[in-house]
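Visitor: Quick one: structure below, then a few questions.
The values are calculated or read from the model by the stated rules, or taken from the named source; none is laboratory data. Keep in mind it's a predicted model, so treat the numbers as computed, not measured. A quick note on method: Cβ atoms are made from the backbone with ideal geometry, for glycine too, and the neighbour counts reach across all protein chains shown.
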């Protein structure tokens with residue numbers, strides 16, 4: 001299964017492409033004036049360290065020098081992995097010239113919105129949570 005999702009049409013819109021590979025997910029997130037790959041996160045589900053009855057995830061991140069998408073990639077990978085009980089790879093790259101603090105907040109909010117949209121789409125499309 002392949003899915004493409006977009007948060008909207010505002011100035012700090014993000015898009016994602018999701019591909020199922022076996023039971024794993026590959027997710028690319030991009031946006032802005034110069035979409036690219038600035039960071040990559042890989043996440044694996046595991047029991048929560050606080051409460052083993054709750055599923056969590058552990059992630060590792062690689063970020064190219066000068067890029068700041070590591071936060072977006074890591075948060076999305078961990079949330080997707082924990083929610084969907086799957087190994088997940090997320091690439092993220094978005095660039096807006098002269099972005100200010102309110103723009104950065106909007107991108108962060110849109111990345112969280114996009115992650116929630118991905119989870120809902122996958123859960124709605126499969127009774128086992130993985131398409």
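Visitor: For region 63-74, check the following and say yes or no: at least one residue is at negative phi, touching a strand residue (DSSP E or B) at 6+ places or on another chain (Cβ under 6 Å), assigned to a strand (DSSP E or B) and surrounded by 14 or more Cβ atoms within 10 Å (Cβ to Cβ).
Guide: Among the residues of region 63-74, at least one is at negative phi, touching a strand residue (DSSP E or B) at 6+ places or on another chain (Cβ under 6 Å), assigned to a strand (DSSP E or B) and surrounded by 14 or more Cβ atoms within 10 Å (Cβ to Cβ), which makes the answer yes.
Visitor: Exactly one condition in (1) closer than 23 Å to residue 5 by Cα; (2) more than 10 Å from the chain's Cα centre (by Cα); (3) at pLDDT 95 or above is not met by residue 68; state its number.
Guide: Going through the list (1) closer than 23 Å to residue 5 by Cα; (2) more than 10 Å from the chain's Cα centre (by Cα); (3) at pLDDT 95 or above, residue 68 breaks only (3).
Visitor: In region 75-97, which residues are under 21 Å from residue 123 (Cα atoms), part of a strand (DSSP E or B) and touching a helix residue (DSSP H, G or I) at 6+ places or on another chain (Cβ under 6 Å)?
Guide: The answer is 88, 90.
Visitor: Collect the residues in region 42-65 that are under 16 Å from the mean Cα position of the chain (by Cα) and either under 15 Å from residue 29 (Cβ atoms) or without any contact (Cβ under 8 Å) to a residue 24 or more places away in the chain (or both), keeping them in residue-number order. Step through it out loud before you land on a result.
Guide: The initial filter retains those residues of region 42-65 that are under 16 Å from the mean Cα position of the chain (by Cα), namely 42-45, 56-63.
Answer for region 42-65, where residues must be under 16 Å from the mean Cα position of the chain (by Cα) and either under 15 Å from residue 29 (Cβ atoms) or without any contact (Cβ under 8 Å) to a residue 24 or more places away in the chain (or both): 42, 43, 58, 59, 60, 61, 62, 63.
Visitor: Specify which of the listed residues (111, 28, 125) is surrounded by 22 or more Cβ atoms within 10 Å (Cβ to Cβ), in contact (Cβ under 8 Å) with a residue 60 or more places away in the chain and under 27 Å from residue 9 (Cα atoms).
Guide: None of the others qualify; the one that does is 111.
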